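The structure appears below as structure tokens.
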Amino acid sequence: MRITIYILSFLLFVSCKTAQIKSELPSKNAITEYYESGEIKSVGAIDEFHKEFNNYRIEFWKEFNRNGNLKASGNYKLDTYTQCCTGGICDGFYSYKYGEWKYYYDNGKLKAKGTYRIGKKHKETSCEGGDEINFGFVTDSWIFYDNNGKEIEPTEKEIAEIENSSFLDEWDMMKK
């Protein structure tokens, strides 16, 4: 009898499986995006969970000009903002640039480099009052260059161009 209890206890112990805990972190899926004419537009990782409908950018990306030269490179993070949907509150998704980024002229020379300062910016949404999103701001530590490689003082337009490219929402990344 005692042997039977030991055998049953042993079988019960080895037959139990540990539960798998699924991480909420996005899993990556590398993709290459192309211009209509066939040249490579960008290369990077997208969020695996949402890839059926949108290419939400995560981690390191390289973006290219039509001539094949590097246009920009750096990292993205995925985040959400509040939307008002038919059934109530829902999440809108966006990817924002963070950390060090480098931007290049069409001729391949460095245009600007720096580290985004992440702050909050108001975004109009379908909800009254909108929401606040993470946004990459250009700081005084950024360095800008002319197309010959000489360091320059940036114009407000050049700063705004880089800041305005610092996030992509679900409409920007929707599969067409």
Taking the options ASP140, ASP172, ASP106, ASP91, name whichever one is under 14 Å from the mean Cα position of the chain (by Cα) and either assigned to a strand (DSSP E or B) or not β-branched (Val, Ile, Thr) (or both). ASP172
Please determine, by comparing only the residues of the stretch 128-137 that are of a type outside the set (S, T, N, Q) and in a strand (DSSP E or B), which one is surrounded by the most Cβ atoms within 10 Å (Cβ to Cβ). GLY136
From the option list GLU132, GLU161, GLU128, GLU100, single residue qualifying as in contact with a His (Cβ under 8 Å, 6 or more places away or on another chain), at pLDDT 90 or above and under 28 Å from ASN54 (Cβ atoms) is GLU132
Select the strands (runs of 3 or more DSSP E) contained entirely in the stretch 30-87, then report the ones holding at least 1 residues which are at pLDDT below 90, surrounded by fewer than 16 Cβ atoms within 10 Å (Cβ to Cβ) and out of contact with any helix residue (DSSP H, G or I) (no Cβ under 8 Å at 6 or more places or on another chain). 70-85
Regarding THR115, is this residue surrounded by 14 or more Cβ atoms within 10 Å (Cβ to Cβ), among the hydroxyl-bearing types (Ser, Thr, Tyr), touching a Gly at 6+ places or on another chain (Cβ under 9 Å) and within 27 Å of ASN67 (Cα to Cα)? yes
In the stretch 143-169, how many are assigned to a helix (DSSP H, G or I) and surrounded by fewer than 13 Cβ atoms within 10 Å (Cβ to Cβ)? 4
For the stretch 115-127, how many residues meet the condition of being out of contact with any Cys (no Cβ under 8 Å at 6 or more places or on another chain) and assigned to a loop (DSSP other than H, G, I, E, B)? 1
Condition met for GLY108 (more than 25 Å from GLU33 (Cα to Cα), without any contact (Cβ under 8 Å) to a residue 40 or more places away in the chain and not acidic (Asp, Glu)): no
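The values are calculated or read from the model by the stated rules, or taken from the named source; none is laboratory data. None of these values were measured; they are calculated from a predicted model. Because the Cβ atoms are built from the backbone with ideal geometry, glycine has one as well, and the counts that use them run over all protein chains shown.
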